[in-house]
1. Among the candidates THR246, THR254, which residue alone is within 21 Å of ILE48 (Cα to Cα) and β-branched (Val, Ile, Thr)?
2. Counting only residues that are away from the ligand (no atom under 16 Å from the Cβ) and either among the hydrophobic types (A, V, I, L, M, F, W, C) or open to solvent by less than 30 Å² (accessible area, probe 1.4 Å) (or both), which one in segment 74-96 is farthest from THR204 (Cα to Cα)?
3. For segment 248-256, indicate whether the set of residues that are assigned to a loop (DSSP other than H, G, I, E, B), open to solvent by 20 Å² or more (accessible area, probe 1.4 Å) and away from the ligand (no atom under 16 Å from the Cβ) is non-empty.
4. Within segment 250-259, is there a residue that is more than 20 Å from TYR21 (Cα to Cα), hydrophobic (A, V, I, L, M, F, W, C) and outside the structural domain of ASN152 (by TED's automatic domain parsing)?
5. I'd like to verify a number: residues in segment 46-64 that are more than 25 Å from ARG14 (Cα to Cα) and at pLDDT 95 or above, how many?
6. Given LEU9, LEU24, which one is at pLDDT 95 or above, more than 11 Å from the ligand (Cβ to nearest atom), open to solvent by less than 80 Å² (accessible area, probe 1.4 Å) and not charged (D, E, K, R)?
7. Could you please find all residues in segment 30-57 being within 16 Å of the ligand (Cβ to nearest atom), of a type in the set (Gly, Ala, Ser) and either open to solvent by less than 10 Å² (accessible area, probe 1.4 Å) or more than 24 Å from SER82 (Cβ to Cβ) (or both)?
8. Under 7 Å by Cβ, and 6 or more places apart or on different chains, what pairs join a residue from segment 165-190 that is closer than 21 Å to SER255 by Cβ with one that is assigned to a helix (DSSP H, G or I) and open to solvent by 80 Å² or more (accessible area, probe 1.4 Å)?
Amino acid sequence: MKTDSFLTLARRFRAIFFDSYGVLKVAGGKVEGGPELIETLRNEGIEIRVLTNDSSRSQSNQATRFRELGYQSIRSSDIITSGMMAKLFLKEKITSGKVAYLGTEASARYVLDAGCEAVAVSEVTNPDEISGMVFLDDEGFDWNTDLNAVINLIRNRNIPTIVANTDYLYPTAGGKVALATGGIARLVESVLGRKFLHFGKPDTQMFNYAFEDINLTDSFAKRDVLMVGDTLGTDIIGGNKFGIQTCLVLSGNTSAKNYNQDIVRTGIGPDFVVESIGT
Ligand SMILES: [Mg+2]
């Protein structure tokens, strides 16, 4: 159902989970009217969390970026990243040895914060010391040599291999897309015939984490919560499966022209559709 005003819709809920890219932010910066909308919701006492499949930067880095864009009230503790979910897994699962990673040095923070020793895949000298492999970011490595290094590192060994950002693609300027971490991992999975451990939407860990987090201070039922996202295959199906209401925005991955077709083709139906959160 197409709804006119996002604010009118939002006021029917007590908590809102926002995806970041394509919803609060777009290629050019903030989404028009986004910061004002968030301030209004805050002032009305509506709980806000940001659920992002971004394991390239920490919560505080992302909060700083939001403030630069005009989102004054988004704190780092409001931001829940897929990197955090991978970190929680590593913390419990990897008790000895080093963790190899693909990504930038900044993204390796999630490995270090899990209490593990991080080593860039290009720097691995003794594969026997490696007890886990993490796909963190699509930058910070040489796609040719380092992807081959990953394949050689894991192909004959049974070590947990983790994908900390499940997105296949991300939108860039001019309506184009670029290959994201989840897409790179999928490529490696397909050549090795393996299935890695994926963290991030649409899997339920992030929704669970966010729901438990808002319930620390007050009591929320699932019917009190709305998930807002621009991607049917992550945000919307994830919210639907978790059992909360979902709203598709047309300011990111899903275009105003094709969204009806996309919904029919994928069978993933949002409860609401709006142009953007600023409308
Ligand atoms: Mg998005």
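The values are calculated or read from the model by the stated rules, or taken from the named source; none is laboratory data. Predicted model, so just to flag it, every value in this text is computed and none were measured. Cβ atoms come from the backbone with ideal geometry, glycine included; neighbour counts cover every protein chain shown. Ligands, DNA and RNA are excluded from the accessible area calculation, which covers all protein heavy atoms including side chains. Shrake-Rupley method; radii C 1.70, N 1.55, O 1.52, S 1.80 Å.
1. After ruling out the rest, the residue left standing is THR246.
2. Here the residue is ILE94.
3. no
4. Checked against the condition, which is being more than 20 Å from TYR21 (Cα to Cα), hydrophobic (A, V, I, L, M, F, W, C) and outside the structural domain of ASN152 (by TED's automatic domain parsing), segment 250-259 yields no hits at all.
5. Selection size over segment 46-64: 1.
6. Of LEU9, LEU24, the one residue that is at pLDDT 95 or above, more than 11 Å from the ligand (Cβ to nearest atom), open to solvent by less than 80 Å² (accessible area, probe 1.4 Å) and not charged (D, E, K, R) is LEU9.
7. Scanning segment 30-57 gives GLY34, SER55.
8. Listed pairs, sorted by first residue: TYR168/ARG186.
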